[in-house]
């Protein structure tokens, strides 16, 4: 029983990385007053371009790790570009954010699938990135396997949590982001460029979403397919609400969802007689149930979330 629990918890850490990165990026978007339902599309494009670079380079060994690195960088850069495009549509032209997000999601998923079939053709695997056992710590019973035997991106993603908290709550830029999402009119009167701040937040959110997609294709699945993202972009948006726009609570939500995901994986691998369809549905049902209980308390929600800002018009 302990071995099963150890395996489940050990799987939670790497499996939660993509959700964690995407939801933290979405948190910055929403803290600035913009919600991006196109996160799924950005993740799909990041997953494709992230996988394409090491696949096109071929080979293995130490050299291939550089191509993996370039894949992550390219995915983050492409995600930032998508963030700028979304900012032009929603911040500059003030289009409805929900509709624009759905459009971005459809465009990203469709384009990634089309380019994949054109340049790759079919399912192809890549070497990916290896796990790193941290000396001494990885030998600790139970905790070594759970916490200290993962790939480098998993460590970096969790180290980014305190960094995100520091940026959001302890830096002048974080104050600008929170002001832009809470009271953009007051922020503008104090000399804060609300438009630029929202552009920057959307660029950062897009970069993290692209990085999340690349993690799925390079580090987790080590391949790309049309169903690789599987709704994780929408789950990332939901986790921001679940976590009340706070990095630490969002991390807890990502781990909770991933625990349910690994639970259904363990059930199937053990051959337990349980309907496959219900096992796959379990993580998504959990998100719906949890959100139904947490949606009543939205006191931490940015008060101007989803509202376009026009400094020329006072409301």
**Complete:** Of the residues in the stretch 276-302, those that are in a loop (DSSP other than H, G, I, E, B), modelled with pLDDT of 70 or more and surrounded by fewer than 16 Cβ atoms within 10 Å (Cβ to Cβ) come to 300
**Prompt:** Just one of 11, 51 is over 20 Å from residue 237 (Cβ atoms) and surrounded by 24 or more Cβ atoms within 10 Å (Cβ to Cβ); which is it?
**Reply:** 51
**Tally of residues being more than 17 Å from residue 203 (Cα to Cα) and either in contact (Cβ under 8 Å) with a residue 60 or more places away in the chain or touching a strand residue (DSSP E or B) at 6+ places or on another chain (Cβ under 7 Å) (or both) across the stretch 69-93** = 1
**Message:** Looking at residue 12 and the list (1) part of a loop (DSSP other than H, G, I, E, B); (2) touching a helix residue (DSSP H, G or I) at 6+ places or on another chain (Cβ under 9 Å), which single condition is not satisfied?
**Reply:** (1)
**Request:** Go through 88, 42, 34 for me and flag whichever is surrounded by 24 or more Cβ atoms within 10 Å (Cβ to Cβ) and within 20 Å of residue 304 (Cβ to Cβ).
**Result:** 34
**Any hit, the stretch 115-130, residues being more than 15 Å from residue 48 (Cα to Cα) and free of Cβ contacts under 8 Å to residues at least 60 places away in the same chain** = yes
**Request:** For the stretch 233-240, state whether one or more residues are surrounded by fewer than 22 Cβ atoms within 10 Å (Cβ to Cβ), within 14 Å of the chain's Cα centre (by Cα), part of a loop (DSSP other than H, G, I, E, B) and at pLDDT below 95.
**Result:** no
**Breaking point among (1) at pLDDT 75 or above; (2) out of contact with any helix residue (DSSP H, G or I) (no Cβ under 8 Å at 6 or more places or on another chain); (3) under 30 Å from residue 180 (Cβ atoms), for residue 313** = (1)
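The values are calculated or read from the model by the stated rules, or taken from the named source; none is laboratory data. The shown structure was predicted, so the numbers you read here are calculated from the model rather than taken from an experiment. Don't worry about glycine lacking a Cβ; one is built from the backbone with ideal geometry, like all the others, and counts go over all protein chains shown.
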